[in-house]
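The values are calculated or read from the model by the stated rules, or taken from the named source; none is laboratory data. Everything numeric here is computed off the predicted structure, so don't read it as measured data. We place every Cβ from the backbone using ideal geometry, glycine too, and count neighbours over all the protein chains shown. Surface accessibility is based on the protein's heavy atoms, side chains included, excluding ligands, DNA and RNA. Shrake-Rupley method; radii C 1.70, N 1.55, O 1.52, S 1.80 Å.
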Amino acid sequence: QVQLVESGGGLVQAGGSLRLSCAASGTIFSINAMAWYRQAPGKQRDLVAGITRGGSTNYADSVKGRFTISRDNAKNTVYLQMNSLKPEDTAVYYCQMWVQVTGAWGGRDYWGKGALVTVSS
């Protein structure tokens, strides 16, 4: 019913920038919170940044001042602008959204399949 598709990952040198996008499609009535998580090899999946429908944001300490999360409610899309990238930012990045499907009671989390970001030193 709902699909999330990430784009924008790739290989970048340390100090460089990338912008991730995640677009939701399907029978969507509304989307509440949106977020980006990341998972490095052999590690757990951690929250990178989150944004409410009203635009309030929160960030992991490790990315504050370097990453910016934003959203376009009309396009059902969330973005992650990543600047001053470091090798330790290398991970698969997943978008997550709390979606209420048209005609359904309540909502639930949906996840994208992930976008690989590799930062070389």
Just need log10 I(q)/I(0) for region 43-83 at q = 0.32 Å⁻¹, Debye formula, equal scatterers on the alpha-carbon atoms, no solvent, rounded to two decimals. -1.15
Computed from every Cα-Cα pair in the chain, P(r) in 5 Å bins starting at 0 and rounded to whole percents is 2, 12, 23, 24, 18, 10, 6, 3, 1, 0
Just flag the chymotrypsin sites (Phe, Trp or Tyr not before Pro) in region 83-121 sitting in loop per DSSP whose Cβ has no more than 14 other Cβ atoms within 10 Å. Trp105
Scan around Lys86 for amide H atoms under 5 Å from its own, H built in the peptide plane at 1.01 Å from N, and keep only partners 5 or more places away or cross-chain. Gly15
What are the ³J(HN,Hα) couplings of region 13-20, residue after residue, when phi is run through the Karplus curve with 6.51, -1.76, 1.60 and θ = phi - 60°? Round to Hz, x for glycine and proline. 7, 4, x, x, 10, 9, 10, 9
Determine ³J(HN,Hα), in whole Hz, for all residues of region 75-90 in sequence, where each value follows from phi through the Karplus function 6.51 cos²θ - 1.76 cosθ + 1.60 and θ = phi - 60°; x replaces Gly and Pro. 9, 6, 10, 10, 10, 9, 8, 10, 10, 6, 5, 10, x, 6, 7, 4
In nanometres, the difference between 0.36 nm per residue of separation and the alpha-carbon distance of Thr102 and Gln44 is 17.6 nm
What are the semi-axes of the equivalent ellipsoid of region 52-121, taken as the square roots of 5 times the eigenvalues of the Cα gyration tensor, listed largest first and rounded to whole Å? 27, 14, 10
For Lys113 paired with Gln13, estimate the spin-label separation in nm (one decimal), with each label point 7 Å from Cα along the Cα-to-Cβ line. 3.2 nm
In Å², nearest 10: area of Lys43 left accessible to a 1.4 Å probe: 140 Å²
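Per residue, how large is the accessible surface of the chain? Use a 1.4 angstrom probe and give square angstrom. Provide the component values of the computation, followed by the final result.
Values: 6560 Å² over 121 residues.
Accessible area per residue, the chain: 54 Å².
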Quick one: putting +1 on the C-beta of Lys and Arg, -1 on the C-beta of Asp and Glu, what dipole do you get for the chain around its Cα centre, in Debye to the nearest 20? 60 debye
Please work out the Cα center distance from region 70-87 to region 35-57, rounded to the nearest Å. 11 Å
